[in-house]
Amino acid sequence: MTLQFFFHYPETAGYEGDVLDAGTPSEVAVTLERSGFHGISFSEHPIPGAKWLASGGHQTVDPFIALSFAAAVTERLRLLTYLSVAPYRNPFILAKTAATLDKLSNGRMILGLGTGYQKSEFFALGVDMDERNALFDEVLDVLPLHWSGEPFSYQGRHFSARDVIARPRPVQDPIPIWIGGNSKLSRRRVAQRVQGWMPMTGGATLSTTARTPSLGEQSELGGHIAELRAAAAEAGRTEPIDVVYSYQDSGILDPTVDADRHREAFAELEKAGVTWVTVSSRMRDRSANLEWIEAFGATYLA
C-alpha cells in the first residue's frame, strides 16, 4: 500500500475542556513520526459563532502556529492546514505565513485552503461572505507571485500591490496547495490551478453545514477523482493531483479491532485514486490519544 496517512489533531467540541487536552502539538507530532505517520493537520476557526460551538462546533488553535511547533520537533512529517479559510486573510499575509513555515521546516508545508462557510465568522472578521469566491481566486493568483521571489504588481478588490517583492522564497516551488470542497467550482480550481483536492466526506448533514454538495457514497468517489484528473489533463496539467480522504468509519476509534476490514477500505480508497488518508482518534484525553496513535501505527504503518 502506498497510501500516506495524516493524523488530524482531535477537535474539541463545544465550550467544555481545553483545545489542547489531547496533547501539545509537539508531543503529538513526536509520537506520530515515531509511529510511522506521514503528516499532521490542524483546522481553523479564528472566531466561531457561539451557537455553532454550542451545537457541536469545535474550537481550534491557530493552525500555522501549531504546525510550527510540530515542525520544530520532527524531521519528515508533512504539515497541512486542513483547512485554512483563504478569504479571511490578506493574501500577502497568508503567503508569507506559509512561506515562513515551509522555509523553517525545510519544505514540509502543504497549504490546504477553503472558501469558508460560517456567516458569523465572516462578519466578525470584517469580510464580505458574498465576495468569498472572488477573494479566493485572488489568493490563488497572488500566492505564486509572492513565492516567486521576484518583483510583481497586482490590483485586488481591496488592495493595490505596486512593484513589491517577497523574500525569502519558500523551499518548495511551489508550496503544494490543496483545495477543500465538493462543488464543481472547487473541483475546477483543483484541475486548473493547484496540486490537490480535499473532498468533504462527512455525509449529507456536514455538507449542508459547510455549504458544499454531498459527493454521495464512497463507491462514487473514484468516478469524481477520474473526472477531476481528466479535466486537469485537458487543461494541460502534467503533474500529479493529490486527493485526500477523511476516513470517518467509527470503528477506527479502536484501531486494533476489525483491522482487516479497515485495510480493505484503505485499499479501495487507493484503488479509487486517493493518495492520502486523514484519520483521527477523536479523543480529548492526552494519554488515550497518544496510545491511539501508537496502536494505529503498529497496526497499519509498521
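The condition of being basic (Lys, Arg) and touching a strand residue (DSSP E or B) at 6+ places or on another chain (Cβ under 9 Å) holds for only one of 89, 108, that being 108. Residue 135 meets the conditions (1) of a type outside the set (Val, Ile, Thr); (2) touching a Gly at 6+ places or on another chain (Cβ under 8 Å); (3) over 27 Å from residue 275 (Cβ atoms) in every case but one. The failed one is (2). Among the conditions (1) assigned to a loop (DSSP other than H, G, I, E, B); (2) modelled with pLDDT under 95; (3) not aliphatic (A, V, I, L, M), residue 173 misses just one, which is (2).
Of the residues 79, 94, 67, the single one that is in contact with a Leu (Cβ under 9 Å, 6 or more places away or on another chain), surrounded by 19 or more Cβ atoms within 10 Å (Cβ to Cβ) and not in a helix (DSSP H, G or I) is 79. Out of everything in the stretch 239-271 that is of a type outside the set (Val, Ile, Thr) and assigned to a loop (DSSP other than H, G, I, E, B), what residue ends up being surrounded by the most Cβ atoms within 10 Å (Cβ to Cβ)? This residue is 255. Here residue 186 does not qualify as within 20 Å of the chain's Cα centre (by Cα), surrounded by 15 or more Cβ atoms within 10 Å (Cβ to Cβ) and at pLDDT below 95.
Picking from 228, 221, 206, which residue would you name as being modelled with pLDDT of 95 or more and either part of a helix (DSSP H, G or I) or within 17 Å of residue 43 (Cβ to Cβ) (or both)? Testing whether each residue is modelled with pLDDT of 95 or more and either part of a helix (DSSP H, G or I) or within 17 Å of residue 43 (Cβ to Cβ) (or both) leaves just 228. The selection criterion, being closer than 27 Å to residue 280 by Cα and surrounded by 18 or more Cβ atoms within 10 Å (Cβ to Cβ), holds for residue 84. Scanning the stretch 1-26 for residues that are among the hydroxyl-bearing types (Ser, Thr, Tyr) and at pLDDT 95 or above returns 9, 24, 26. Of all the residues in the stretch 2-22, those that are in a loop (DSSP other than H, G, I, E, B) and either among the small types (Gly, Ala, Ser) or closer than 17 Å to residue 245 by Cα (or both) number 7.
The values are calculated or read from the model by the stated rules, or taken from the named source; none is laboratory data. In this text, all values refer to a predicted model and were calculated from it rather than measured experimentally. Cβ atoms come from the backbone with ideal geometry, glycine included; neighbour counts cover every protein chain shown.
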